[in-house]
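So the structure is just underneath, and the comments pick up after that.
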Amino acid sequence: MFENQQREDVEALLKANIEFRRLYQRHRELDSKVRDAELGVLPMDDTTLASMKREKLVAKDRLTRMWEVHRPRMH
């Protein structure tokens with residue numbers, strides 16, 4: 001997530017905003033678990049996987065909105 005953004009800008013927001021950092025870390029954790037479940041490395045039922053995917057999407061949407069609000073202030 002935020003691969004196309006300046007790394008320094010993302011790191012600055014991670015340091016400056018606790019909620020952004022918490023959501024970013026949670027999104028990364030969910031991304032890893034979803035990927036492992038889809039590869040069959042992490043056993044998981046379909047309901048749990050679907051729930052994790054929804055939570056990951058909600059986190060991504062919130063992160064994107066936060067990025068859009070805070071980014072102009074960083075420059």
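FYI, it's all coordinate maths here, none of it is from the lab. The model shown is predicted, which means the values in this text are computed figures rather than measured ones. Please note: Cβ atoms are built from the backbone with ideal geometry, for glycine as well, and neighbour counts cover all protein chains shown.
Out of these labelled values of Cα extents along the principal axes in Å, (i) 44, 19, 18; (ii) 28, 25, 18; (iii) 71, 22, 20, which was calculated from the coordinates shown here? Computed from these coordinates, Cα extents along the principal axes in Å corresponds to label (i). Ordered by the count of other Cβ atoms within 10 Å of each Cβ, fewest first, ASP61, ASP9 give ASP61, ASP9. Note on GLU68, GLU29: ascending count of other Cβ atoms within 10 Å places them as GLU68, GLU29, the fewest first. When only the Cβ of Lys, Arg, Asp and Glu is charged (+1, +1, -1, -1), the dipole of the chain relative to its Cα centre reaches about 300 debye.
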